[in-house]
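Colleague: Submitted below is the structure of interest, expressed as structure tokens.
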Amino acid sequence: MPLRHLPASATPEEVTAILKEDGAVIIDSVLSRAEMDEVAKELKPWMDATPFGPDAFSGHRTKRTGGLVARSPRCRDLVMHPLMLGTAGKLLEHASSFQLHLTQVIAIGPGEPMQTIHRDQWAFDFFSFPKDYEVQCNTIWAMTDFTEENGATRVIPGSNHYEDKLKFEEKDTVPAEMTKGSVLLYTGSVYHGGGANRSGTTRIGINITYNLSWLRQEENQYLSVPSEIARTLPIDLLKLIGYRRGAYALGYVDDLRDPLQVLRPDLTQFGLGDLTATQEKLRSEPAAE
Ligand SMILES: O=C(O)CCC(=O)C(=O)O
Ligand SMILES: [Fe+2]
């Protein structure tokens, strides 16, 4: 069964409906090629400075560049893209909130073999979550075209409903072929892996994932985004990267302080009695530059 595609005008409800059935879906041309080239230009110096992976799962011919919220203003817009946030909110609506899980450019170089087929939620110490209890919503933005030859992500559509801890081969999977600027969305429960790159050029995707706020984040945002930079970011983005409480009390600071209050003490001018209302008030106002 091939992966289904939706246009960029799709709603979070339409995207979520397919994610629940197939575990993955491609949204075509969310960015134009030219817009994606601008993102690539911003990321290039960081990618050039990144070493190849230290092990077979990371990929000895693959470079993984993270810290994108700190390093790339254009990636902040991808992280905050309304269709991705809307879909994550819908897919993960059984929990009180979700957060940014990781940001990572994945550049699979020529000669890299296929990555082991896996579920991303195995990151949580291989805990077997109840079936249909999704803990992540994942995106891969195509920074180059994704083709079968150059290592398009391999996916097993519908495998989100399978048993846990299964093993698969390439023949069980289909390639997530898509054009530059398109986005593959997939659940933490769907079996997938990076494709073998049998071409002469590097396949590049930007992996941006979201998870439930009661789980640990894969990329530590508090250390990946230096506080001097964090202080300049919009309130909505700060909340998403973790400067808020998850559920009722997770992540508070010392005397039940909200983490946002610690990072931005200047916000006290709005009165801290009801910080949530304060945050709503500031929702669309960018923080001080
Ligand atoms: O780069 C890809 O196509 C997918 C990589 C992946 O699934 C992972 O590293 O967990
Ligand atoms: Fe993965």
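Colleague: Of (1) farther than 17 Å from residue 78 by Cβ; (2) free of Cβ contacts under 8 Å to residues at least 60 places away in the same chain, residue 238 satisfies all except one. Which?
Modeller: Condition (1) is where residue 238 drops out.
Colleague: Working carefully through the options 53, 67, find the one that is within 14 Å of ligand 1 (Cβ to nearest atom), open to solvent by less than 20 Å² (accessible area, probe 1.4 Å) and touching a strand residue (DSSP E or B) at 6+ places or on another chain (Cβ under 9 Å).
Modeller: Sole residue among the options that is within 14 Å of ligand 1 (Cβ to nearest atom), open to solvent by less than 20 Å² (accessible area, probe 1.4 Å) and touching a strand residue (DSSP E or B) at 6+ places or on another chain (Cβ under 9 Å): 53.
Colleague: Looking at the structure I just gave you, is residue 38 surrounded by fewer than 15 Cβ atoms within 10 Å (Cβ to Cβ) and either away from ligand 1 (no atom under 15 Å from the Cβ) or outside any helix (DSSP H, G or I) (or both)?
Modeller: yes
Colleague: So if I check each of 267, 250, 263, which one is closer than 24 Å to residue 86 by Cα, surrounded by 11 or more Cβ atoms within 10 Å (Cβ to Cβ) and either among the aromatic types (Phe, Trp, Tyr) or at pLDDT 70 or above (or both)?
Modeller: After applying the criteria, what remains is 250.
Colleague: Quickly run through the stretch 176-195 and pick out the residues that are assigned to a loop (DSSP other than H, G, I, E, B) and either within 14 Å of ligand 2 (Cβ to nearest atom) or open to solvent by 20 Å² or more (accessible area, probe 1.4 Å) (or both).
Modeller: 176, 177, 179, 180, 188, 189, 190, 191, 194, 195
Colleague: Quick one: in the stretch 41-77, which of the residues that are closer than 16 Å to residue 102 by Cα and polar (S, T, N, Q) is farthest from ligand 2 (Cβ to nearest atom)?
Modeller: 72
Colleague: Give the stretch 1-29 a look and list any residue that's under 28 Å from residue 172 (Cα atoms) and among the aliphatic types (A, V, I, L, M), or say none.
Modeller: Listed by number, the residues that qualify are 1, 3, 6, 15, 17, 18, 19, 24, 25, 26, 27.
Colleague: Another one. Among the residues of the stretch 148-167, what is the count of those that are open to solvent by 50 Å² or more (accessible area, probe 1.4 Å), on the phi < 0 side of the Ramachandran plot and assigned to a loop (DSSP other than H, G, I, E, B)?
Modeller: Going through the stretch 148-167 one residue at a time, the tally reaches 6.
Colleague: Here is a follow-up. Could you list, in sequence order, the residues of the stretch 16-35 that are over 18 Å from the mean Cα position of the chain (by Cα), in contact (Cβ under 8 Å) with a residue 24 or more places away in the chain and assigned to a helix (DSSP H, G or I)?
Modeller: Across the stretch 16-35, the qualifying residues are 21, 22, 33, 35.
Colleague: Starting from the stretch 119-141, keep only residues that are away from ligand 1 (no atom under 13 Å from the Cβ), then list their pairs with residues that are among the small types (Gly, Ala, Ser) whose Cβ atoms are within a distance under 7 Å, requiring at least 6 positions of separation or different chains.
Modeller: These pairs meet every condition: 134/188; 134/189; 135/188; 137/88.
Colleague: Tell me, please, whether a residue that is of a type outside the set (A, V, I, L, M) and under 24 Å from residue 159 (Cα atoms) can be found in the stretch 32-50.
Modeller: no
Colleague: Every residue in the stretch 65-81 that is free of Cβ contacts under 8 Å to residues at least 60 places away in the same chain and not in a helix (DSSP H, G or I), please.
Modeller: Across the stretch 65-81, the qualifying residues are 65, 72, 81.
Colleague: Still on this model: With the checklist (1) surrounded by fewer than 18 Cβ atoms within 10 Å (Cβ to Cβ); (2) part of a strand (DSSP E or B) in hand, flag the one item residue 198 doesn't pass.
Modeller: Failing condition for residue 198: (2).
Colleague: Is at least one residue of the stretch 79-87 more than 25 Å from residue 177 (Cα to Cα), more than 16 Å from ligand 1 (Cβ to nearest atom), open to solvent by 10 Å² or more (accessible area, probe 1.4 Å) and not polar (S, T, N, Q)?
Modeller: So far as the stretch 79-87 goes, no, none of its residues is more than 25 Å from residue 177 (Cα to Cα), more than 16 Å from ligand 1 (Cβ to nearest atom), open to solvent by 10 Å² or more (accessible area, probe 1.4 Å) and not polar (S, T, N, Q).
Colleague: Right, next: Which residues, taken from the stretch 204-220, are open to solvent by 10 Å² or more (accessible area, probe 1.4 Å), of a type in the set (S, T, N, Q) and away from ligand 1 (no atom under 13 Å from the Cβ)?
Modeller: Those that are open to solvent by 10 Å² or more (accessible area, probe 1.4 Å), of a type in the set (S, T, N, Q) and away from ligand 1 (no atom under 13 Å from the Cβ): 213, 217, 220.
Colleague: Right, another one. Select, from 103, 116, the only residue that is assigned to a loop (DSSP other than H, G, I, E, B) and out of contact with any Ser or Thr (no Cβ under 7 Å at 6 or more places or on another chain).
Modeller: Only one candidate passes the filter, namely 116.
Colleague: If you don't mind, another one. Tell me whether the stretch 116-127 contains one or more residues that are of a type in the set (Lys, Arg), surrounded by 20 or more Cβ atoms within 10 Å (Cβ to Cβ) and over 15 Å from residue 16 (Cα atoms).
Modeller: yes
The values are calculated or read from the model by the stated rules, or taken from the named source; none is laboratory data. Remember, predicted model here, so these are calculated numbers, not experimental data. When we count neighbours, we look across all protein chains shown, and the Cβ atoms used for this are built from the backbone with ideal geometry, even at glycine. Ligands, DNA and RNA are stripped out before the accessible areas are found, and what is left, the full protein with its side chains, is counted by its heavy atoms. Shrake-Rupley method; radii C 1.70, N 1.55, O 1.52, S 1.80 Å.
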